[in-house]
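Undergrad: Handing you this structure, nothing more for now.
Derivation of every value follows stated rules applied to the coordinates shown; laboratory data play no part. Source: prediction; values computed, not measured. When we count neighbours, we look across all protein chains shown, and the Cβ atoms used for this are built from the backbone with ideal geometry, even at glycine.
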Amino acid sequence: MTAPGSAELVEVRAPDPGPGQVRLDVLAAGVCHSDLAVLDGGAAATWTLPFTLGHETCGRVAELGEGVEGLAVGEQVVVHAPYGCGDCPRCATGRTNYCDRRASLPAAGLGLGLDGGMAEAMVVDATRVVSAEGLDPVAAATLTDAGLTSFHAVQGSREALAEPDALAVVIGVGGLGHLAIGLLRGLGTTVVAVDTREEALVLARECGADVAVLPAGARGVVPARGADVVFDFAGAQSSLDLAVALLRTAGDLVVVGSGGGSLTVSKPGVLPSGAAVRVPFWGSRPELEAVVGVARGGSLTPRTTTYPLADADRAFAQLRAGRLLGRAVLVP
Ligand code: NAD
Ligand code: ZN
Ligand code: ZN
């Protein structure tokens, strides 16, 4: 990203790994809806430009910096990219996504203010890489945000999902949402999927959703008591309003999407009694290890469309136009 609204493919020198770092040859880099928000301004307004986009990366270790142990040249890995200060209690346990200094950090992650994976090579701290041997690199890349964020969102609602005959609603079946459906089905939860695009509803059923409907049909397929958990992967005003309307008493509303909608919390108010609202962000390093494990077990199958790195603009345009199913992944 070179300027607000502008991403260009440029030649830069391959970076050298410093002490404790590794250089990766990038194998695959996912395209997230957040990349569009970054390109359009938003959070990027406070970040130093230029930087390389790409916060969803799978690569092969190409060079070890001084003092790096436990990694071998040639190993296939994925990158835990949420940025943290590195020494608060959250960072010390791999929860850089919830760093205590988040509000004052110069970037949100690698690819989000710091150099990321939409490149041929990338340098990362060795503590950020997680082995992904044996996985398809394109699928593996999607695990690092679409998979990890969905996993973390679902994990946070395990108690609500443990209700007898728990029902979850997933609104927004894109890069994140289609993986959330797979994770929920893996837990045995009944899933109602909602999207504004018919083709996303077809994908939702393929991922295991019990029912998949347009927003107008959602109230008709959720029992009157409501859903134990509603995951909103759009975060638009219309999706938030629908999410609230579908929520059961003491249910969880999990807002993952950053579509600009807002919700007024008051008592009494629009939320049912006992409701909990969460706004999860990304996920921890141990959770990335766990989601890689789930994928290795074969129960999580990302739907991907690959583009050459040189065609990144086309991938961004397709995502913006709502023409993608699942995740777009750039391959250098
Ligand atoms: P995507 O474009 O791949 O998927 C979004 C899906 O939502 C699409 O299928 C679209 O048709 C559907 N949709 C849009 N508006 C809708 C509405 N009003 N009702 C129902 N469905 C609707 O995007 P993605 O990459 O999966 O990202 C989803 C959202 O999550 C984005 O806002 C992104 O910025 C955000 N995000 C948040 C985190 C986090 O940590 N909280 C991490 C990654 C992405
Ligand atoms: Zn993202
Ligand atoms: Zn920290």
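Undergrad: If I model a spin label at SER131 and ARG13 as a point 7 Å from the Cα along the Cα→Cβ vector, what separation in nanometres do I get?
TA: Using points 7 Å along Cα→Cβ, the separation is 3.4 nm.
Undergrad: Can you tell me which of 302-310, 12-20 comes out highest on packing, and rank the rest after it, using the mean Cβ neighbours within 10 Å? Intermediate results must be reported in sequence, preceding the final value.
TA: Details: 302-310: 16.3, 12-20: 12.6.
Ranked from most to least packed, the peptides come out as 302-310, 12-20.
Undergrad: Would you mind calculating the relative contact order of the chain from Cα pairs under 8 angstrom and at least 6 residues apart, reporting the percent as a whole number? List each step's numbers first, then the result.
TA: On the way: 770 pairs, mean separation 62.4, N = 332.
Across the chain, relative contact order equals 19 percent.
Undergrad: Which order, highest average first, do 282-295, 22-35, 236-249 follow once you tally other Cβ atoms within 10 Å for each residue and take the mean per peptide? Provide the component values of the computation, followed by the final result.
TA: Numbers: 282-295: 20.8, 22-35: 24.9, 236-249: 18.9.
So the order, starting with the most tightly packed, is 22-35, 282-295, 236-249.
Undergrad: Further, regarding this structure: Kindly write out, for the range 91-103 in residue order, the coupling ³J(HN,Hα) from the Karplus curve 6.51 cos²θ - 1.76 cosθ + 1.60 (θ = phi - 60°), rounded to whole Hz, with x marking Gly and Pro.
TA: 3J(HN,Hα) across the range 91-103, in whole Hz: 4, 4, 9, x, 9, 4, 5, 10, 3, 5, 9, 3, 5.
Undergrad: Helix 285-296 versus the longest principal axis of the chain: what is the Cα-based angle in degrees, 0 to 90, to the nearest 10?
TA: Roughly 80 degrees, rounded to the nearest 10.
Undergrad: Which one, PRO268, PRO164, THR190, is farthest towards the positive end of the dipole of the range 157-278 when Lys and Arg carry +1 and Asp and Glu -1 on their Cβ?
TA: PRO268
Undergrad: Whole-Å semi-axes of the chain's equivalent ellipsoid, largest first, each the root of 5 times a Cα gyration tensor eigenvalue? Mind showing how you got there, number by number?
TA: On the way: eigenvalues 221, 80, 77 Å².
Result for the chain: semi-axes of 33, 20, 20 Å.
Undergrad: Tell me, in nm to one decimal, what length is gained between THR2 and ALA216 on full extension, where the rule is 0.36 nm per residue of separation less the Cα-Cα distance?
TA: Working: separation 214, 0.36 × 214 = 77.04 nm, distance 4.09 nm.
Extra length from THR2 to ALA216 when fully extended: 72.9 nm.
Undergrad: Return the loop-located GluC sites (Glu not before Pro) in the range 1-102 (DSSP other than H, G, I, E, B) with at most 11 other Cβ atoms within 10 Å of their own Cβ; answer none if there are none. Don't skip to the end; give the middle numbers.
TA: Working: sites: GLU8, GLU11, GLU56, GLU63, GLU66, GLU69, GLU75; in loops: GLU8, GLU11, GLU56, GLU66, GLU69, GLU75.
Here the sparse-neighbourhood loop sites are GLU8, GLU11, GLU66, GLU69.
Undergrad: Modelling each spin label as a point 7 Å along the Cα-to-Cβ direction, I'd like the THR249/ASP165 distance in nm, to one decimal.
TA: 1.7 nm
Undergrad: May I pose another question? Note down the Stokes-Einstein diffusion coefficient of the range 157-278 in µm²/s, whole number, using a Kirkwood radius over alpha carbon pairs, 25 °C, and 0.890 mPa s. Write down the numbers at each step before the final one.
TA: Values: Rh = 13.9 Å.
Rounded, D is 176 µm²/s.
Undergrad: Quote the FRET efficiency, to the nearest 0.05, computed for VAL73 versus SER104 with a Förster distance R0 of 35 Å and r equal to the Cβ-Cβ distance. All intermediate terms of the calculation are to be shown ahead of the outcome.
TA: Working: r = 36 Å, r/R0 = 1.04.
Efficiency at R0 = 35 Å is approximately 0.45.
Undergrad: On C-alpha positions alone, give me the angle between the axis of helix 175-186 and the longest principal axis of the chain, in degrees, nearest 10.
TA: 60 degrees
Undergrad: Rounded to the nearest whole Å³, what is the per residue volume of the convex hull around the Cα atoms of the range 2-103? Let's see the in-between values first.
TA: On the way: hull volume 12.9 nm³, N = 102.
Spelled out: Cα convex hull of the range 2-103, divided by residues, is 127 Å³.
Undergrad: For the ranges 207-215, 317-325, 158-166, what's the packing order if you count other beta-carbon atoms within 10 Å of each residue, average per peptide, and put the highest first? Numbers along the way, then the final one.
TA: Details: 207-215: 19.7, 317-325: 15.2, 158-166: 13.3.
Packing proxy ranking, top to bottom: 207-215, 317-325, 158-166.
Undergrad: Also, quick follow-up: Where does the chain land at 222 nm, in deg cm²/dmol rounded to the nearest 500, when only DSSP H runs of n ≥ 4 count, each adding -39500 (n - 2.57), divided by all residues?
TA: Numbers: 11 runs with 85 residues, N = 332.
Value at 222 nm, helices only: -6500 deg cm²/dmol.
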